[in-house]
Amino acid sequence: MPGPLHGIRVVDLTTVIAGPYATQTLGEMGAEVVKVEPPGGDIMRAPGPARSPGMGAAFLNCNRNKRSITLDLKQEGDRAALRELVAGADVLVHNMRMDAARRVGLAPEPLLAAHPRLIYCAIVGFGQDGPYRDRPAYDDVIQAASGWAALAAQAGDAPRYAPTIVADKTTALFAVGAINAALYHRAVSGEGQAIEIPMFEAMVAFLAVEHLGGRSFEPPLGPPGYGRVLSRHRRPYRTADGHIAAMPYTAAHWRAFFRAAGREDWAAEPALDDNAARAAMIDTLYERLAGCLTARGSAAWLELLEAADVPCAPVNGFDELLADPHLVATGFFERAVHPTEGQLVGVRSPIRFSRTRCETTAQAPARA
């Protein structure tokens, strides 16, 4: 069976990560995606490693299942070609600032007037009804502005960025969900619509789930932040010969862990049975956990914890992930031959539908 979005045509005017990752996901779901690149190509083609210029690893990993054409939207002839593409499309996605989009004829109002079934999706830095609407936005800026970078300071460290492009990729998934919802609405009503996905608001919403904390109430019942995940003792734990992740969560988990560690006194504490009391002493519990784990090596602890049904995992890098028994068994890493870049390793979509398939049907396009 083809993917669930088979028959849907997407015109992709996005660059860098947020937009391309969103449209790649739509392509994995079966949509036909046409990537429109400026002269010189998507800026994300440049960062390496790469076998050839303009075909960097990050570009290859968020532009599968797409065809590519080059259009210079400063030229009227190329803008006319884009209008023809849009006329035959179901979805248009861009991540330009809105003033720039309007200058090249991509304002939502005239496009939706001409094509009332079109789904128009703009991924922007900031909501267009606020004072930041014209500001440029990249992942580091949004991590700082949204509160992400400051969370490290609440945990007793200096503010820092996540070592992944988390704001772009999270925003991409908001866009995928919104586009699919708009396609459903169109199937029911026959009407297209414009969608705005602001990175700043998306990331604040993402973090607010747990970190709005005591500020969820008026008057506040406490400071913002979720204590369990902000504990200075919550981190991959040192063992006698490395590090592991261990996460006792329930009272049963904590008792099983302390017994495995030979601490019957801690396992017998009545506070473990009360969810609120256990949450209040979480920093102490994590400190005890860290102290116990140095007594044995990683493999021994993982065996003990798995036998006790305590959530745990090794601390993997990508070299380990490529050989991980579960990922090997599920065929998660795909090997393919790119027409210009040779043998490549990528990942399949993690989404499984029982009746339709998500799959990679084409590798990222070479320079158009």
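The values are calculated or read from the model by the stated rules, or taken from the named source; none is laboratory data. Predicted model only: the values in this text are computed from it and were never measured. Quick reminder, even Gly has a Cβ in these numbers, built from the backbone with ideal geometry, and neighbours come from all protein chains shown.
Here are some notes:
- Selection status of Ala364, within 30 Å of Pro38 (Cβ to Cβ), of a type in the set (A, V, I, L, M) and at pLDDT 95 or above: yes
- Cross-chain or 6+ apart pairs with Cβ under 7 Å, region 346-368 first and under 18 Å from Ala22 (Cβ atoms), then surrounded by 15 or more Cβ atoms within 10 Å (Cβ to Cβ) and among the hydroxyl-bearing types (Ser, Thr, Tyr): Gly346/Thr360; Arg348/Thr360; Cys358/Ser349; Pro365/Ser68
- Glu32 satisfies every condition listed in (1) touching a Phe, Trp or Tyr at 6+ places or on another chain (Cβ under 6 Å); (2) free of Cβ contacts under 8 Å to residues at least 40 places away in the same chain; (3) not hydrophobic (A, V, I, L, M, F, W, C) except (1).
- Arg278 being crowded, with 17+ Cβ neighbours inside 10 Å and more than 18 Å from Arg238 (Cβ to Cβ): yes
- Reported count of residues in region 29-62, each being crowded, with 21+ Cβ neighbours inside 10 Å, of a type outside the set (A, V, I, L, M) and not in a strand (DSSP E or B), is 6.
- Check on Gly77, on the phi > 0 side of the Ramachandran plot and either out of contact with any Lys or Arg (no Cβ under 9 Å at 6 or more places or on another chain) or assigned to a helix (DSSP H, G or I) (or both): no
- Selection within region 63-74 - in a loop (DSSP other than H, G, I, E, B) and farther than 23 Å from Gly7 by Cβ: Leu71, Asp72, Leu73, Lys74
- Those strands (runs of 3 or more DSSP E) lying entirely in region 295-368 with at least 3 residues of a type outside the set (S, T, N, Q) and more than 21 Å from the chain's Cα centre (by Cα): 312-314, 333-338
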